[in-house]
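The values are calculated or read from the model by the stated rules, or taken from the named source; none is laboratory data. Treat the numbers as computed from the prediction; the structure is a model and nothing was measured. Please note: Cβ atoms are built from the backbone with ideal geometry, for glycine as well, and neighbour counts cover all protein chains shown. Just the protein is used for accessible areas: all its heavy atoms, side chains included, with ligands, DNA and RNA removed. Shrake-Rupley method; radii C 1.70, N 1.55, O 1.52, S 1.80 Å.
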Amino acid sequence: MSEGLLVVLSGPSGAGKGTLRPGLLAAFPNLRFCISATTRPPRRNETHGQSYLFWTRQQFERVRDAGGLLEWAEYVGNLYGTPREPVEQLLAEGRDVLLEKEMQGAGQLKEAFPQGVFIFVLPPSVAELKRRIAGRDTESPAEQLRRLQKATAELESLPDYHYDYVVVNDRLEDALDRIRAIIVAEHCRISRQAPGWVDAFCRRSEAT
Ligand code: 5GP
């Protein structure tokens, strides 16, 4: 059995990574989303174990220092990280794994999983990004401003990172189409076929 495909969606807060998730999970039955841990307090619509694992800073640092995170980053004052075990286990079982990460974390994952596919999700424009962040009623105006400043800095640093694809999230269905196409194409790569696949194909062909 070959290892599953790691799909990392990255991009500034407000680009709509989370909005794309249900459409991707529905399209690919073998795809699993792995939740992150964070020290950020839950928003009122969020629950522990579903949106995030909401950890104290102490808990987070303990797990991180014991090597329990695949990557981690500080984002506008809070820590975010990917628990190692579920991702490694799912990939070893041949499942595809979907992750949503800000850019530093995506960079660390790219080093650990060069065979993964790294997709940068862009908002249609900076003006629209501002509108989306300012339109959220889950964050204070000060927090919205910090996120907006962070998003602008992230966009400026994009050329320093090595993403494989960029997808503009203008209309949700169009963005989903493009990401679905990327995942299908990645699965067709010769380099991703299981070892000995040509022999297996020939034996199967002779038998029929
Ligand atoms: P939010 O606070 O809006 O939920 O997330 C802030 C940013 O952190 C988003 O860009 C989100 O994709 C990213 N993020 C969520 N989980 C993780 C994680 O485990 N690691 C990293 N590096 N970023 C994450």
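Considering Leu155, Leu99, which residue is assigned to a helix (DSSP H, G or I) and open to solvent by less than 50 Å² (accessible area, probe 1.4 Å)?
Leu155
Determine whether Thr138 is out of contact with any Cys (no Cβ under 7 Å at 6 or more places or on another chain) and either in a helix (DSSP H, G or I) or surrounded by 15 or more Cβ atoms within 10 Å (Cβ to Cβ) (or both). Give the derivation first.
Numbers: out of contact with any Cys (no Cβ under 7 Å at 6 or more places or on another chain): yes; either in a helix (DSSP H, G or I) or surrounded by 15 or more Cβ atoms within 10 Å (Cβ to Cβ) (or both): no.
In short, no.
Answer yes or no as to whether Phe120 is in contact with a Phe, Trp or Tyr (Cβ under 8 Å, 6 or more places away or on another chain) and either at pLDDT 95 or above or away from the ligand (no atom under 14 Å from the Cβ) (or both). If you could, list the steps in order and put the result at the bottom.
Numbers: in contact with a Phe, Trp or Tyr (Cβ under 8 Å, 6 or more places away or on another chain): yes; either at pLDDT 95 or above or away from the ligand (no atom under 14 Å from the Cβ) (or both): yes.
Judged against the criteria, Phe120 is a match.
Considering each of Pro22, Pro29, Pro86, Pro41 in turn, give the residue that is closer than 22 Å to Gln144 by Cα and not in a strand (DSSP E or B).
Numbers: Pro22 fails: closer than 22 Å to Gln144 by Cα; Pro29 fails: closer than 22 Å to Gln144 by Cα; Pro86 fails: closer than 22 Å to Gln144 by Cα.
When all the criteria are applied, what remains is Pro41.
Can you pull out the residues in region 28-58 that are open to solvent by 60 Å² or more (accessible area, probe 1.4 Å) and within 14 Å of the ligand (Cβ to nearest atom)? Explain how you work it out, then say what you get.
First, pick out the residues of region 28-58 that are open to solvent by 60 Å² or more (accessible area, probe 1.4 Å): 29, 32, 41-42, 44-45, 47-48, 50, 56-58.
Across region 28-58, the qualifying residues are Pro41, Pro42, Arg44, Asn45, Thr47, His48, Gln50.
Going through Arg178, Arg147, Arg132 one at a time, which residue ends up being in a helix (DSSP H, G or I) and open to solvent by 70 Å² or more (accessible area, probe 1.4 Å)? Explain how you work it out, then say what you get.
Working: Arg147 fails: open to solvent by 70 Å² or more (accessible area, probe 1.4 Å); Arg132 fails: open to solvent by 70 Å² or more (accessible area, probe 1.4 Å).
Answer to the selection: Arg178.
Out of region 158-175, which residues are open to solvent by less than 70 Å² (accessible area, probe 1.4 Å) and among the β-branched types (Val, Ile, Thr)?
Hits for region 158-175 are Val167, Val168.
Exactly one of these conditions fails for Lys110: (1) of a type in the set (D, E, K, R); (2) touching a His at 6+ places or on another chain (Cβ under 8 Å); (3) modelled with pLDDT under 95. Give me its number.
Here Lys110 meets the rest and fails (3).
Can you tell me which residue among Gly16, Gly81, Gly23 is of a type outside the set (Ser, Thr, Tyr), within 29 Å of Ala181 (Cα to Cα) and near the ligand (Cβ under 10 Å from one of its atoms)? Step through it out loud before you land on a result.
Numbers: Gly16 fails: near the ligand (Cβ under 10 Å from one of its atoms); Gly23 fails: near the ligand (Cβ under 10 Å from one of its atoms).
Residue meeting the stated conditions: Gly81.
Condition test on Gly81, is it open to solvent by less than 60 Å² (accessible area, probe 1.4 Å), assigned to a helix (DSSP H, G or I) and closer than 14 Å to Ala37 by Cβ? Even if it seems obvious, please write down each step before you answer.
Numbers: open to solvent by less than 60 Å² (accessible area, probe 1.4 Å): yes; assigned to a helix (DSSP H, G or I): no; closer than 14 Å to Ala37 by Cβ: yes.
No.
Take region 1-27 and flag every residue that is open to solvent by 30 Å² or more (accessible area, probe 1.4 Å) and modelled with pLDDT of 95 or more.
Scanning region 1-27 gives Arg21, Pro22, Leu25, Ala26, Ala27.
Filter region 68-78 down to residues that are under 20 Å from Ala151 (Cα atoms) and either touching an Asp or Glu at 6+ places or on another chain (Cβ under 7 Å) or not in a strand (DSSP E or B) (or both) and give me whichever is farthest from the ligand (Cβ to nearest atom).
Gly77
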